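Please read the structure below before turning to the comments.
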Amino acid sequence: MGIVLKLGMNWPDGSQWQTVWAVFQGLLLEAIPFLLIGVAIATAARAWDPRGRWLQRLPRHPLLGPLSGAALGFALPACECGNVPVARRLLAQGAPMGASLGFLFAAPVLNPIVLLSTWAAFPDRPWLLLLRPLGSVVIALVLTALLQQLSEAALLAPDLLEERRMGQPLATASLLDRRSGLIGNQPLSPTPAIAAERPSMAVLLDHGLREFLELGSLLLLGCAIAATIQTLIPRDLFLAVGQAPTLSVLSLMLLAVVVSVCSSVDAFLALGFAAMVTPGALLAFLLLGPVIDLKSISLFSRIFRRRGILFMLAGVVVAVLLIGQWLNLVLL
Amino acid sequence: MAQPGAALNWLPPFVLGLWGAVLLQAWGSGRLNLLLQADFHWLVLVSGLLLLALAGLAVRFAPKRRSGGTPALVMLLAAPLVLLIPPRPSFSTLAANRSSGALEGESETLTFLSPPEQRSLTDWVRLLRSQPDPELYRGDPVRISGFVMPTPQAAPVLARLTVRCCLADATPVGIPVIWPEGASLKADEWLAVSGEMGVERVGGVLRSVVIAETVQPIPKPKRPFEP
């Protein structure tokens, strides 16, 4: 049939490109409000706590830090597009690394909207309602521990690192990280926005606006890639492996990355194929998508350097695969 | 004479306002009906208004010098494309690419049933999956609408897309139809079908099928998705 893409043989026809364009617009117009909410929360945090005094009081304990960050998801409900600017602001204001990363990775699942939608989609699978948030916390702990193996200078994007350094006592930075004095590059001069005790309305608006445009332009790219791939590659390819324990987990992880659906509704999408796949694959789909997908991966470049993104990708893939495998071992 | 950086100073608020206009246009033109589930439309409206208001505030409280021109340029180039090129998704292309999904509540026995002639296509699919005995529905009147979805090695089915959030999660639900003799069917065409529910044997298994008596082309509904 003409409308079914034969991979590698037919160039997509007009109706397929029109569908790509429509899916792109759907993804984008759905994501922009959440991005705006995230930037608004981040800007409010900047206005409320310009020197990060309150945010810096979040726990620094290796376990309590990520857990407290994850718990912030209940207070600041945002899905994966909205939580990037909020996590970035936490880091920029000098909040402990563990708490900020815990929020970044767990908040898209640990919020009331996502948990309610999971319950609404799968009322007959109480184990899923328990294991989804639990798995999300485990992943946040694993990723936080993994990423903290890198120094802040090797992990964080340069402009974020600079802003974070400005908000912290100089004694907390190493000589190399300070990039001042006899070692390293030219000393950095604090920008007026950071040096000011309480930023003016003009500064707040300028930073919020810049952040929205920067993340928005990355979101455009992510939506375009996600729309193209998910329209041109038949979804059945991901579901074909059915009940194979490991392959089903891997293919559903790939599907989660490709479809790029907001975490507040991904459970309803998963309902559509839940009967065709293993329980571990279903859980893997619901755990991986909120952390990383094609739509949001470009946004992470505003927080991490490339090495940090690669560490994160490797860590989350291994963690989700192991959780999915474990569940299949228990339930199958 | 204008300063060299003056254009850059005005660009970010202008782009922000432009995207506010894009969102408002998408909301006002009905375009969102083809892209998002209705529950999310108000979010787009509020966001559009907020972006316009923030753009106004950013002009009013302008700093002496702005930064970050490149992202603004990317957003500036994309906005007119989204504004001027409307979405024209092919539902059958989307459907061909995706498996028919389960529907919320279908694993339970449905306790409320509207009369047969008032059931939508999605109501019928939900019912047939919940209580699949085809003899229960033999002879029931059927009045449904949907688009023509070709299926491999079988007659086209009448289908709808169920959408929870946006087109990305659109999942087709289809119902088999025995079409009247000589009916010309085009993929994506919207039809109103009336007839009765019958039973047919496919691969040794009995299943319900709509025996179409009249088939009437109709315009695409204003809100073509079902929840």
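The values are calculated or read from the model by the stated rules, or taken from the named source; none is laboratory data. Bear in mind the structure is a predicted one, so any value in this text is a computation, not a measurement. Note that each Cβ is placed from the backbone with ideal geometry, even for glycine, and that neighbours are counted across all protein chains shown.
Tell me yes or no: at least one residue of region B:8-24 is on the phi > 0 side of the Ramachandran plot and either in contact with a Lys or Arg (Cβ under 7 Å, 6 or more places away or on another chain) or at pLDDT 95 or above (or both).
no
Is it the case that region B:47-66 has a residue that's farther than 30 Å from B:Lys222 by Cα and of a type in the set (Phe, Trp, Tyr)?
yes
Filter region A:292-332 down to the residues that are crowded, with 18+ Cβ neighbours inside 10 Å and basic (Lys, Arg), then identify the one that is farthest from A:Trp127 (Cα to Cα).
A:Arg305
Give me the residue from region B:27-64 that is part of a loop (DSSP other than H, G, I, E, B) and within 9 Å of chain A (Cβ to nearest Cβ) and, out of that set, surrounded by the most Cβ atoms within 10 Å (Cβ to Cβ).
B:Leu35
Please identify the pairs in which a residue from region B:167-188 that is facing chain A (nearest Cβ under 10 Å) has its Cβ atom under 9 Å from the Cβ atom of a residue that is polar (S, T, N, Q) and in a strand (DSSP E or B), counting only partners at least 6 apart or on another chain.
B:Asp169/B:Thr162; B:Ala170/B:Thr162; B:Thr171/B:Thr162; B:Pro172/B:Thr162; B:Val173/B:Thr162
Just to be sure before I move on: is B:Arg88 within 30 Å of A:Thr228 (Cβ to Cβ), surrounded by fewer than 17 Cβ atoms within 10 Å (Cβ to Cβ), of a type outside the set (A, V, I, L, M) and modelled with pLDDT under 95 in the structure I sent?
Answer is yes for this residue.
If I filter region B:73-87 for residues that are more than 7 Å from every other protein chain (Cβ to nearest Cβ), under 16 Å from the mean Cα position of the chain (by Cα) and not in a helix (DSSP H, G or I), do I get at least one hit?
Within region B:73-87 (the criterion being more than 7 Å from every other protein chain (Cβ to nearest Cβ), under 16 Å from the mean Cα position of the chain (by Cα) and not in a helix (DSSP H, G or I)), the answer is yes, since at least one residue qualifies.
For region A:217-332, list the helices (runs of 4 or more DSSP H) that sit wholly inside it and hold at least 2 residues that are in contact (Cβ under 8 Å) with a residue 60 or more places away in the chain; which are they?
By residue number, A:245-259, A:266-271, A:279-291, A:306-331.
Would you call A:Ser15 free of Cβ contacts under 8 Å to residues at least 40 places away in the same chain and farther than 30 Å from B:Ala96 by Cβ?
No.
Return the residue satisfying two criteria in turn: it lies in region B:95-151 and is within 22 Å of the chain's Cα centre (by Cα), small (Gly, Ala, Ser) and modelled with pLDDT under 90, and of such residues it is nearest to B:Gln216 (Cα to Cα).
B:Ala95
What number of residues within region A:78-118 are small (Gly, Ala, Ser), part of a loop (DSSP other than H, G, I, E, B) and surrounded by 24 or more Cβ atoms within 10 Å (Cβ to Cβ)?
Residues meeting the conditions: 4.
Within the group A:Arg198, A:Arg235, A:Arg179, A:Arg165, which residue is under 24 Å from the mean Cα position of the chain (by Cα), more than 12 Å from chain B (Cβ to nearest Cβ) and at pLDDT below 90?
Exactly one of A:Arg198, A:Arg235, A:Arg179, A:Arg165 is under 24 Å from the mean Cα position of the chain (by Cα), more than 12 Å from chain B (Cβ to nearest Cβ) and at pLDDT below 90, namely A:Arg165.
Please go through region A:107-125 and give me each residue that is modelled with pLDDT of 90 or more and over 11 Å from A:Ala267 (Cβ atoms), ordered by number.
Passing the criteria: A:Ala107, A:Pro108, A:Leu110.
If B:Trp190 satisfies all but one of (1) out of contact with any Phe, Trp or Tyr (no Cβ under 6 Å at 6 or more places or on another chain); (2) surrounded by 14 or more Cβ atoms within 10 Å (Cβ to Cβ), what's the number of the condition it fails?
Going through the list (1) out of contact with any Phe, Trp or Tyr (no Cβ under 6 Å at 6 or more places or on another chain); (2) surrounded by 14 or more Cβ atoms within 10 Å (Cβ to Cβ), B:Trp190 breaks only (1).
Restricting to region B:135-151, what's the tally of residues that are within 13 Å of chain A (Cβ to nearest Cβ) and either over 30 Å from A:Leu232 (Cβ atoms) or among the aliphatic types (A, V, I, L, M) (or both)?
Result for region B:135-151: 2.
Identify, by number, the condition in (1) over 18 Å from the mean Cα position of the chain (by Cα); (2) more than 12 Å from chain A (Cβ to nearest Cβ) that B:Ala154 doesn't meet.
Failing condition for B:Ala154: (2).
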